Amino acid sequence: MGTKLMKMKSRGITLIELMVVLVVLSILISIAYPSYVDHVRRARRADAMTGLTEMANLQERFYTQNFRYAPNLTSLGHTSTSPDGYYDLSINSVPTSYTLTATPVAGGSQNQDTGCTTMRLRSNGVKSPPSCWKR
């Protein structure tokens, strides 16, 4: 019985088998990675939406107290970046209306989010571009 076990040959992975595994993994990664990156970019749009919605709420509060909209972020007590820091926020306002804008931080990965590089929220509730506000 012991000699029978000794005669069994242990077999490892051949170079061909290793190359096949690497090719299959490369194909899977080349398909999955772009989809993952796109998903992350779309998920980070929520950061812009949150920042713009917070600023809109602060603008409405400011309006009820001052009968005009705040001309800048300092008047609202809001920072110039979105909560997670992926977008720069700005205000363009006149006493009776405003437009809030979120643009990707310079050098950030959100700059690659084509079609949604700039998101806006107006005082009348119009969100642009509309496709970027969908979840």
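Taking first residues from region 19-33 that are in contact (Cβ under 8 Å) with a residue 40 or more places away in the chain and partners that are part of a helix (DSSP H, G or I) and of a type in the set (Gly, Ala, Ser), no Cβ contact under 9 Å between residues at least 6 apart in sequence or on separate chains turns up.
For region 63-70, indicate whether the set of residues that are at pLDDT 90 or above and touching a helix residue (DSSP H, G or I) at 6+ places or on another chain (Cβ under 6 Å) is non-empty. Yes, some residue in region 63-70 is at pLDDT 90 or above and touching a helix residue (DSSP H, G or I) at 6+ places or on another chain (Cβ under 6 Å). The residue of region 84-115 that is farthest from the chain's Cα centre (by Cα), among those that are surrounded by 14 or more Cβ atoms within 10 Å (Cβ to Cβ), part of a loop (DSSP other than H, G, I, E, B) and in contact (Cβ under 8 Å) with a residue 24 or more places away in the chain, is VAL105.
Scanning region 97-118 for residues that are under 27 Å from ASN66 (Cα atoms) and touching a helix residue (DSSP H, G or I) at 6+ places or on another chain (Cβ under 9 Å) turns up TYR98, LEU100, THR101, ALA102.
Residues that are assigned to a helix (DSSP H, G or I) and small (Gly, Ala, Ser) within region 71-83 comprise just one, SER75.
The values are calculated or read from the model by the stated rules, or taken from the named source; none is laboratory data. Just so it is clear, the structure is predicted and the values come from calculations on it, not from any experiment. Reconstructed Cβ throughout: ideal geometry from the backbone, glycine too, with neighbour counts over all protein chains shown.
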